[in-house]
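**Student:** Submitted below is the structure of interest, expressed as structure tokens.
The values are calculated or read from the model by the stated rules, or taken from the named source; none is laboratory data. What you are looking at is a predicted structure, and each value in this text was computed from that prediction instead of being measured. Glycine also receives a Cβ, built like all others from the backbone with ideal geometry; neighbour counts cover every protein chain displayed. Note: areas computed on protein heavy atoms with side chains; ligands, DNA, RNA excluded. Shrake-Rupley method; radii C 1.70, N 1.55, O 1.52, S 1.80 Å.
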Amino acid sequence: MRPEELKEIREKAKARLGLRSGDVRVRIVVGMGTSGIAAGAREVLKALLEEVSRRNLTDVAVTQTGERGLAAKEPVVEVHEGDRITVYGEVDEALARRIVVEHVVNGHPIQDRIIEVREVVG
Amino acid sequence: MSRIEVLLCAGTACLSSGAREVKAALLEALAEEGLTGEVRIVETGCMGPCELGPIMLVYPEGIYYIRVKPADVREIVREHFLKGRPVRRLLWAGELPESKEIPFFSRQLKVVLANCGRIDPEDIEEYIAVGGYEALSRVLTEMSPEDVIEEIKRSGLRGRGGAGFPTGLKWELVRMAEGSPKYIICNADEGDPGAFMDRAILEGDPHAVLEGMAIAAYAVGAQHGYIYVRAEYPLAVQRLETAISQARRYGLLGEGILETDFSFDVEIRVGAGAFVCGEETALIASIEGRRGEPRPRPPYPARSGPFGKPTLINNVETFANVRHIVVRGADWFSSIGTEKSKGTKVFALAGQVKNTGLVEVPMGITLRELVYDIGGGAPNGKKIKAVQIGGPSGGCLPESLFHLPVDYEALTEHGAIMGSGGIIVLDESACMVNVAKFFLEFTSEESCGKCTPCRVGTKIMLGILERIARGEGTEEDLVRLEELGHMIRDASLCGLGQTAPNPVLSSLRYFRDEFLAHIRDKRCPAGVCPDLIHYVVVPELCRACDRCRQACPTGAAQGTPGNPPYRIELSACINCGACFDACPFGAIERRPGRKER
Ligand SMILES: Cc1cc2nc3c(=O)[nH]c(=O)nc-3n(C[C@H](O)[C@H](O)[C@H](O)COP(=O)(O)O)c2cc1C
């Protein structure tokens, strides 16, 4: 192995550290409370994971959270980018895939499905 | 891709508290919930807070679950991994994210231990991902051996195996020594009772040690290395073997490393675990296949190591520092610490503190910070009175010296040593005579017997301590202890004997009162020495349950069930403490002072 190859391995291997590395650009958070799961949050989560790993987006983390008090809009998906949180409601598998492709990869939030945009201060 | 990463501590301590069973339960629960592909489990080296094990660190939140039992696992999987609600009752320090906010971690500075508990030690690619072998690559392509030595010298790194010899200087001596081949030895004998710093590094980040050795080999002109590790460390040996074969496969050990003309390979030598075999000349004898006995120095190993060849011998932690100095620079390293003690030091913190375990601190931090901020102080509201630092070669420092910094010179000046990193916190329930006796028992047993001062001298000192502990000592005994101590220190062949009196001498220096109480008043103030305590029944607390009578092997505990109080007939009592342990009401008290015969 040459020194350049070591660098290549390093770049590739970084993906393995994934969630531990802390260089996550975007976090996609799925509400997985009881009502979320009942409304199909599991399938949404799986679709997000599939889409993210198919595109090898190493700086994107998909995680889950508890109930967010938006029971009527479940499943709820939040996209966290820096201080901005974009909240989507009534997400299904198809929308989940669109969120990854259009919002996360191409940077175009899907306006008509957004229920809230919040800036986190501090 | 996984959305959750579970780092499961697979250090020796967590494995013995059940980490394997937790992992099995985890795999089962994940399969049940259909989460197998979404949650990745990584087994890591020691995370540090050993008495809280088994420990799980969960990402992306970066929160710790502690004392996890297999029965807890299903709840964690269902509630947290599936529904996103961390299980509070099992979390460390509530829901504090990341280590920075937990006081145990926030005062630490992890350099050598940065990867321990963060990467999978059996996966070379994880090590490479965090910058592993970058230092070696840089050294081989951009630096001459002299450059490397200069950088290590400028960093101020000193040996972490005990004596604190300047590492760069040692490398230079080996480079300049005549003779070939030259050898590199990594000293992983780690014989101090209770010490496990080196074991944790080997188990948690074995490649860092291999990389440090390879850089050293390049610097001094060696092609062959030995790692001398004790047989009691099977997990360390196994992880090292894995690391060595992976490094060979990636061309990072063996012929033509990184396709340069530098070759270096490593061989593991497993020792039987005698304390003296950590001493460098005894270790060398053992590697040569001879009995592990020290010989006089000079010649030092730099001139004459195994088979009479020039040899560099450094400690595990010393080697583990090397890559950081190369990558981040000597200036960065020397900016940490005190004037003469640079960088960090790993300690195995034990004894009467809340947080025991493995810690890494910047040099210069005070003993007080180490004991109270990181250790969390005494667990039971008792008063801390001393630390024993440096193990059987070290000494006890009293509370009044807790302002001292962790610094080679400061500790030596006050009668202790930095040593390899064992530190035991003692509270008022510890008897200093007994502590001194414990360490001397250890050294007198581990003495190889080659030289008389050590073989006989330590035995005589031990005899005197035993006498004092029985309440049969005299004040002249203290003078004799000091005389003998100085003699053994000055006349012994190797460091074992030369330092063996330290625990006694330092205890005499700071805790003479306790020795005198044993001698003059026939009292053990801490209530530890069995001949200088007695047991009594507190009449108001006794319920006449008869347990003490049943437990007593000599018929000294006497009474009639239902008819309190019981009593202890001191003439028959042998101070075994069985009644004390058996009493459910705390009605039996252990009091200092010999029982009247
Ligand atoms: C009795 C005795 C036991 C020792 N045990 C160890 C040990 O377990 N590990 C170690 O690294 N050094 C040990 N040493 C120190 C070694 O002789 C040697 O100084 C050290 O390995 C050098 O490495 P360093 O300069 O990196 O500290 C011991 C010394 C003595 C006298």
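**Student:** According to a simple spin-label model (label point 7 Å from Cα along Cα-to-Cβ), what is the distance in nm between residue B:297 and residue B:479?
**Tutor:** Each label point lies 7 Å from its Cα, and together they span 3.7 nm.
**Student:** Using a probe of 1.4 angstrom, how much of the accessible area of segment A:3-119 is carbon and sulfur, in percent?
**Tutor:** For segment A:3-119, the apolar C and S fraction of the accessible surface comes to 46 percent.
**Student:** Got a sec to turn the phi values of segment B:488-505 into Karplus ³J(HN,Hα) couplings, 6.51 cos²θ - 1.76 cosθ + 1.60 with θ = phi - 60°, whole Hz, x for Gly and Pro?
**Tutor:** 4, 4, 7, 10, 6, 6, 10, x, 4, x, 4, 10, 4, x, 3, x, 6, 4
**Student:** Moving on. Between residue B:142 and residue B:409, take the C-beta separation as r, use R0 = 25 Å, and let me know the FRET efficiency to the nearest 0.05.
**Tutor:** Once the sixth-power term is evaluated, E becomes 0.10.
**Student:** Any chance you could check the Cα centroid distance between segment B:202-239 and segment A:52-109 for me, in angstrom?
**Tutor:** The distance from the Cα centre of segment B:202-239 to that of segment A:52-109 comes to 46 Å.
**Student:** Given 0.36 nm per residue, what is the gain on full extension from residue B:16 to residue B:467 after removing their alpha carbon distance, in nm?
**Tutor:** Full-extension gain reported as 158.5 nm.
**Student:** Compute for chains B and A the buried accessible surface, both sides summed, probe 1.4 Å, and express it in Å² to the nearest 100.
**Tutor:** The summed interface area works out to 2900 Å².
**Student:** Which shape class applies to segment B:258-310: rounded if a/c is under 1.5, otherwise prolate when a/b exceeds b/c and oblate if not, where a ≥ b ≥ c are the square roots of the Cα gyration tensor eigenvalues?
**Tutor:** oblate
**Student:** On the full set of protein chains, 1.4 Å probe, figure out the accessible area of residue B:180 and give it in Å² to the nearest 10.
**Tutor:** In the full protein context, residue B:180 sits at about 90 Å².
**Student:** Regarding segment B:344-427, what is the average projected area of its C-alpha convex hull, in nm²?
**Tutor:** 4.4 nm²
**Student:** Oh, and also: So what does the Cα-only Debye profile of segment B:432-521 read at q = 0.15, 0.22 Å⁻¹, as log10 I(q)/I(0), no solvent term?
**Tutor:** -0.47, -0.98
**Student:** What is chain B by shape, rounded, prolate or oblate, if you read a ≥ b ≥ c off the alpha carbon gyration tensor as root eigenvalues and call it rounded for a/c under 1.5, prolate for a/b larger than b/c, and oblate otherwise?
**Tutor:** Oblate is the answer for chain B, as a/c is 1.5 or above yet b/c matches or exceeds a/b.
**Student:** What translational diffusion coefficient, in µm²/s and rounded to a whole number, does the Stokes-Einstein relation yield for the protein assembly as shown at 20 °C and a viscosity of 1.002 mPa s, taking the hydrodynamic radius as the Kirkwood radius over Cα pairs?
**Tutor:** Translational D for this selection: 75 µm²/s.
**Student:** Right, another one. Could you check the simple spin-label distance between residue B:88 and residue A:7, using points 7 Å along Cα→Cβ, in nm with one decimal?
**Tutor:** Here the modelled spin labels are 5.1 nm apart.
**Student:** Under the 0.36 nm per residue contour assumption, what length would be gained going from the current alpha-carbon distance of residue B:459 and residue B:176 to full extension?
**Tutor:** Gain on stretching residue B:459 to residue B:176: 97.7 nm.
**Student:** I would also like to ask the following. Can you tell me how much longer the chain between residue A:120 and residue A:101 gets when fully stretched, taken as 0.36 nm per residue apart minus their C-alpha distance, in nm with one decimal?
**Tutor:** 4.4 nm
**Student:** Over segment B:430-550, what is the relative contact order in whole percent, taking alpha-carbon pairs under 8 Å and six or more residues apart?
**Tutor:** 32 percent
**Student:** Given R₀ = 51 Å, what would the calculated FRET efficiency be for residue B:520 paired with residue B:327, taking r from the Cβ atoms and rounding to 0.05?
**Tutor:** Efficiency computed from Cβ-Cβ geometry: 0.30.
**Student:** Still on this structure, I have one more. Can you tell me the convex hull volume per residue for segment B:530-592, based on C-alpha atoms, in Å³ to the nearest whole number?
**Tutor:** 67 Å³
**Student:** Turning to a different aspect of this structure: In square angstrom, what is the accessible area per residue of chain B with a 1.4 angstrom probe?
**Tutor:** Here the residues of chain B average 37 Å² of exposed surface.
**Student:** Can you pull the one-decimal nm distance between simple spin-label points at residue A:38 and residue B:242, each 7 Å off the Cα toward Cβ?
**Tutor:** 4.5 nm
**Student:** Shape of segment B:218-360 from its Cα gyration tensor (a ≥ b ≥ c, root eigenvalues): rounded if a/c is under 1.5, otherwise prolate when a/b > b/c, or oblate?
**Tutor:** In terms of gyration-tensor shape, rounded.
**Student:** So, one more: With a cut-off of at most 13 other beta carbons within 10 Å, and DSSP calling the residue loop, which trypsin sites (Lys or Arg not before Pro) in segment B:409-486 qualify? Please list them.
**Tutor:** Listed in order of number, the matching sites amount to none.
**Student:** Moving on. First measure r as the distance between the Cβ atoms of residue B:165 and residue A:56, then evaluate 1/(1 + (r/R0)^6) with R0 = 41 Å and state the FRET efficiency to the nearest 0.05.
**Tutor:** That pair, residue B:165 with residue A:56, gives E of 0.25.
**Student:** If you don't mind, another one. Can you give the average number of partner chain beta-carbon atoms within 10 Å of each beta-carbon in peptide B:2-13, as a whole number?
**Tutor:** Partner-chain Cβ atoms within 10 Å, mean over residues of B:2-13: 3.
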